[in-house]
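Structure first, commentary second.
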Amino acid sequence: MAKNNVSPSRTVSPDDAMKAQNRFQEALALHQLGQLSQAQLLYERALKWHPGHFDSLNMLATIAYQTGRLERAESLFVKALKIDPEAVYALNNFGNVLQDLGKFKSALAYYDKAIALDPSYAEAHNNRADLLQQTGRGLEALEGYDRAIALMPNYAEAHYNRANALGIMGRLEESVASHDAAIRIVPDYAQAYMNRGNALNELGRLVEAVDSFDRAIDLSLQIPYLLGTRLHVSMQMCDWRHYRERLSALLVAVKNDEPASLPFPLLALTSDPNLQQRAARTWIFAKHPPAKHVLPFAKRELKHRLRVGYFSADFHHHPVAQLIAGLFEAHDRTKFEIFAFSSGPNTQDPMRLRLEQSFEHFIDVKAESDAQVVARARALELDIAIDLSGLTTGCRPSVFAARVAPIQINYLGYPGTMGAPYMDYILADQTLITPETEPFYTEKVIYLPHSYQPNDRQRSVSPLPFTRAGLGLPEDAFVFCCFNNNFKITPETFDRWMSILRAVPGSVLWLLQASELTATHLRREAQERGVHPDRLIFAPKVPTDQYLARQRCADLFLDSLPYNAHTTASDALWVGLPVLTCMGQAFASRVGASLLRAVELPELITEDEKSFEARAIELATHPALLKSLRERLEKNRLHAPLFDSQRLAHAIEDAYVQVQALRVAGKPPGSIHIADKI
């Protein structure tokens, strides 16, 4: 504690000083027991006896910080530090308050002052590193954590923070090792087990990841998003033990607006748009709430072109880029000035190079902080900003929370609502969002005339002569397939598939093999459902052009529910493979139907599980019917709206013009329907 307890404004008698100190000691004891309200009252009483009692001011400020009253904490720390400007603990804690208030420059100054006064103050080094990490200065942050650990080798929090910084940098093995170090110091460090599991998951060490999550659950059920993350990783392995109990508990928690699951995993676990909106909103307000102070936009006279910025972490070889590249190239440059803001890796793969050429302005902002991205975008005076990442890996909603453009639109990367009040619109279509489900989308809906999904006609298909024999498929049997990611395969979806196989003698199901472990689990599940494991055939990962070409050896693509095939479905349709889908209620559950309507094959859309099974069996046992559908698909492929980038570009550009007109007229965002002008 500081030594200077003398108020500059009045002389305190020894008796009053003693009374104040006694109240302070009583308050401190209660504070250490976690009885904050009682401690606060006694600190305030101490200040009545001694208004300049530094320790009481300091601890009142600390309680305000602990209870989330940041402005109050700021005011109290200012008063305390006027009394003792060199109290290093107060300087450090004031830095924490300022950091949480987003006053990063001031916070850094206070951390620096604390460290200058006491270079061995490990906690200040750690907190300063946290600030550097938060503001995108990862390498400097790592140096700070290393300094804190050198000063205090058993500083578990610094090891933990270092592990998280390494994880963000992609140095995952080192991240796991640092989490292990934190856990050796504090064996019941639940959050370290959680984040260790995240790193192991990214490394593909899924069994170890689940073990780490389970240990975290044993230690604490209060860790945000732990239940959903654990279940999602199990789904990646198709390990469905205790699935229904875990899912039930998760959905109850989400319904109660608890931070039980990240939004993305929930898309594959429920088709309830209400629950999906709740999960998104809970996460957004916890992690990326609306900025408290948003600068107004200067009025810009539109003399020539609308300025449109596309923001994404996926401007490289990625499904989003593969879908949308043709749309970027189809934009009318006489009416629109197109910007790219790339926050993902600069891979320099062919897709990245193509995208760099398809924009007038390609801006790499990966190394920039959110504040820097906002400042850069505002300096360019964008009219419309499109978030192509949504709530997926690499997303940066805080950029949109501070408003990079007067109009902000959620599109393509995340198939659902972002739950963010600062996203004005979502681009969709009338299949994806119905009048009944529109209330579960925070954004206003822009209804495109056909499918919302862009597609690229330049996707190359390998000329290699794939044969069934060469792929390990039977020559004379019906081949069902699904190349969705394994986490989309729920037990209920697998039940339907196995029922279909039982009804079609000799048929096989061709699936993507993520790992041998996943294949083992699915073979076991097939056996339990009365289907011989050998009737499941697994395809290894191959380059995209070969992946497309080999699908021609299948007969029918079976979709998954509640998370339909998206890019995977359009891939199949592009090479002439019919896709049978089943619609749910939420966006992600209706994409298959959206695509099929846009390629003019509505007969392949079903609305319940029984109809799905019956239709699959009918197509497998009536070759002429399936043949006619394949012929229609081939005929429609290059003429129907689904693969017409220019047609979609016209519709989206019309949408941009209409939402801009609403804004110029001073009207709030409202759902609009775009007409097909072709």
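The values are calculated or read from the model by the stated rules, or taken from the named source; none is laboratory data. Quick caveat: nothing in here was measured; it's all calculated off a predicted structure. Counting neighbours? That spans all protein chains shown, and the Cβs are built from the backbone with ideal geometry, glycine included. What goes into the accessible areas is simple: the full protein's heavy atoms, side chains included, and nothing from ligands, DNA or RNA. Shrake-Rupley method; radii C 1.70, N 1.55, O 1.52, S 1.80 Å.
Which condition from (1) touching a helix residue (DSSP H, G or I) at 6+ places or on another chain (Cβ under 8 Å); (2) in contact (Cβ under 8 Å) with a residue 60 or more places away in the chain; (3) more than 17 Å from Q551 (Cβ to Cβ) is the one that L501 breaks?
(2)
For the condition under 18 Å from C395 (Cβ atoms) and not polar (S, T, N, Q), what is the one hit in E337, E381, E360, E368?
Matching residue, one of E337, E381, E360, E368: E368.
Just to be sure, is Y89 modelled with pLDDT under 95, under 30 Å from L57 (Cα atoms) and either assigned to a helix (DSSP H, G or I) or open to solvent by 70 Å² or more (accessible area, probe 1.4 Å) (or both)? Talk me through it step by step, then tell me what you get.
Numbers: modelled with pLDDT under 95: yes; under 30 Å from L57 (Cα atoms): yes; either assigned to a helix (DSSP H, G or I) or open to solvent by 70 Å² or more (accessible area, probe 1.4 Å) (or both): yes.
In short, yes.
Which condition does F77 not pass, out of (1) at pLDDT below 90; (2) open to solvent by less than 30 Å² (accessible area, probe 1.4 Å); (3) in a helix (DSSP H, G or I), if it passes all the others?
So F77 meets the others, but not (1).
Answer with yes or no whether V210 is at pLDDT 95 or above and either surrounded by 20 or more Cβ atoms within 10 Å (Cβ to Cβ) or within 18 Å of the chain's Cα centre (by Cα) (or both).
yes
Looking at segment 585-609, which of the residues that are in a loop (DSSP other than H, G, I, E, B) and open to solvent by less than 10 Å² (accessible area, probe 1.4 Å) is farthest from L391 (Cα to Cα)? Can you show your working first?
Taking segment 585-609 first, the residues in a loop (DSSP other than H, G, I, E, B) are 585-586, 590, 599-601, 607-608.
Next cut, open to solvent by less than 10 Å² (accessible area, probe 1.4 Å) only: 586, 599, 601.
On the way: A586: 16, V599: 28, L601: 31 Å.
Going through the qualifying residues, I end up with L601.
Tell me the residue from I426, I407 that is without any contact (Cβ under 8 Å) to a residue 24 or more places away in the chain and surrounded by 19 or more Cβ atoms within 10 Å (Cβ to Cβ), please.
From the options I426, I407, the qualifying one is I426.
Among the numbered conditions (1) under 18 Å from W283 (Cβ atoms); (2) touching a residue at least 24 places away in the same chain (Cβ under 8 Å); (3) of a type in the set (S, T, N, Q), tell me where Q236 comes up short.
Exception for Q236: condition (1).
Tell me which residues, restricted to segment 350-371, are open to solvent by 30 Å² or more (accessible area, probe 1.4 Å) and either among the hydrophobic types (A, V, I, L, M, F, W, C) or under 30 Å from S261 (Cα atoms) (or both). Lay out the reasoning, then the answer.
Step one: list which residues in segment 350-371 are open to solvent by 30 Å² or more (accessible area, probe 1.4 Å), which gives 350, 353-354, 356-357, 360-362, 364, 366-368, 370-371.
L353, F362, K366, A367, E368, D370, A371, listed by residue number.
Where the second residue is modelled with pLDDT of 90 or more and the first is assigned to a loop (DSSP other than H, G, I, E, B) and lies in segment 43-59, which pairs have Cβ atoms under 7 Å and are six or more apart or on separate chains?
G52/I83
How about segment 221-231: which of its residues are more than 14 Å from the chain's Cα centre (by Cα) and either crowded, with 17+ Cβ neighbours inside 10 Å or modelled with pLDDT of 95 or more (or both)?
Result: I223, P224, L226, L227, R230, L231.
Working only within segment 196-220, note down all residues that are part of a loop (DSSP other than H, G, I, E, B) and under 17 Å from S234 (Cβ atoms).
L203, G204, R205
Which of the residues spanning segment 181-195 are in a helix (DSSP H, G or I), in contact with a helix residue (DSSP H, G or I) (Cβ under 8 Å, 6 or more places away or on another chain), open to solvent by 50 Å² or more (accessible area, probe 1.4 Å) and of a type outside the set (V, I, T)? Give the derivation first.
Within segment 181-195, the first condition is being in a helix (DSSP H, G or I), and the residues that meet it are 181-185, 190-195.
Those left that are additionally in contact with a helix residue (DSSP H, G or I) (Cβ under 8 Å, 6 or more places away or on another chain): 181-183, 185, 190-195.
Subset that is open to solvent by 50 Å² or more (accessible area, probe 1.4 Å): 185, 191.
Listed by number, the list holds a single entry, Q191.
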